[in-house]
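To keep things clear, I will list the structure first and then write my remarks on it.
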Amino acid sequence: MPSDTGLPADDGRRGRLPPIAPEAMTAEQKRVAEAITAGPRGGLRGPFPAMLRSPEVAERFQKLGEYLRFQSSIPAALNELAILVTAREWSAQYEWYAHHLLAMKAGLPAAIAEAVAEGRKPDGMDADQAIVWQFCTELHRTKAVSDATYAAARDRFGERGVIDLMAVSGYYVAVAMVLNVAQVPLPPGVPEPLRPLADR
């Protein structure tokens with residue numbers, strides 16, 4: 001069964017809650033790990049090796065994440081923008097690393113991701129990108145959104161889209177918490193992509 005990062009066992013950068021060897025897993029942990037690996041993620045990575053310490057949490061959590069990653073009503077590039085905003089707000093290095101790759105694959109302009117990484121409003125966003133950036137940034141920083149921001153998101157993406165934007169933001173806050181507390185390492189040779197922000 002693959003580990004979350006592909007690190008060798010003797011690398012020394014395994015974090016606080018490193019992957020559990022298959023032979024050390026309980027029957028329930030094995031069942032959940034196999035189900036996650038067999039799903040659209042195709043492997044056990046990110047927060048899930050740590051979360052297997054509570055297999056029921058891991059199982060329920062991954063089901064929500066599966067919808068938000070692969071079936072959200074928000075288009076993929078915009079969904080990844082929402083995740084990058086979350087990763088930046090939480091300075092979640094692994095989350096940013098993994099989802100920056102996915103954002104580029106989905107077609108998010110690199111300049112927009114770069115601005116988010118630097119903690120500033122991106123220039124040159126189209127209308128949809130601006131709505132998602134504003135909604136998610138405002139939600140994280142003020143713990144709510146203004147009537148104007150809500151209306152813009154609702155009018156463009158519908159009420160389902162508003163719920164999906166809130167859900168992906170909240171889900172990836174929880175992912176960031178697990179990654180940061182567990183100190184999930186980046187792959188060997190990958191530098192931390194996010195620098196500290198001066199005003200944080």
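Structure notes:
- Heavy atoms of Trp96 accessible to a 1.4 Å probe, total area in Å² rounded to 10: 10
- A simple charge model with +1 on the Cβ of Lys and Arg, -1 on the Cβ of Asp and Glu and nothing else charged puts the dipole of the chain at about 280 debye relative to its Cα centre.
- Measuring between alpha carbons in the structure, the pairs from Lys30/Lys105; Lys30/Lys63; Lys63/Lys121 lying more than 27 angstrom apart are Lys30/Lys105; Lys63/Lys121.
- Solvent exposure ordering (accessible area, 1.4 Å, most first) of Asp126, Asp155, Asp147, Asp164: Asp147, Asp155, Asp126, Asp164
- Ranked by solvent-accessible area (1.4 Å probe, protein heavy atoms only, all chains present), the residues Arg120, Arg41 order from largest to smallest as Arg120, Arg41.
- Each residue was assigned an accessible area with a 1.4 Å probe, and for Tyr97 the value is about 60 Å².
- Computed label-point distance, nm, for sites Leu197 and Glu34 using a 7 Å Cα→Cβ extension: 4.4
- Of the DSSP H helices in the chain, those whose Cα atoms cover at least 24 Å axially and whose Kyte score averages 0.0 or more: 147-182
- Probe 1.4 Å, protein heavy atoms only - accessible area per residue of the chain in square angstrom: 50
- Counting all C-alpha pairs of segment 78-162, share separated by more than 22 Å (%): 20
- Taking the 1.4 Å solvent-accessible surface of segment 31-165 as the whole, the part contributed by carbon and sulfur is 53%.
- When both segment 103-170 and segment 15-29 are represented by their alpha-carbon centers, they are found 36 Å apart.
- Rolling a 1.4 Å probe across all protein chains gives Met166 an accessible area of roughly 80 Å².
- Taking amide H positions as modeled 1.01 Å from N, with prolines and chain starts lacking one, the residues under 5 Å from Gln183 and 5 or more places away or on another chain are Arg16.
The values are calculated or read from the model by the stated rules, or taken from the named source; none is laboratory data. Predicted, not measured: the structure shown is a model, and the values here were computed from it. Neighbour counts are summed over all protein chains in view; Cβ atoms, including those assigned to glycine, are modelled from backbone coordinates with ideal geometry. Just the protein is used for accessible areas: all its heavy atoms, side chains included, with ligands, DNA and RNA removed. Shrake-Rupley method; radii C 1.70, N 1.55, O 1.52, S 1.80 Å.
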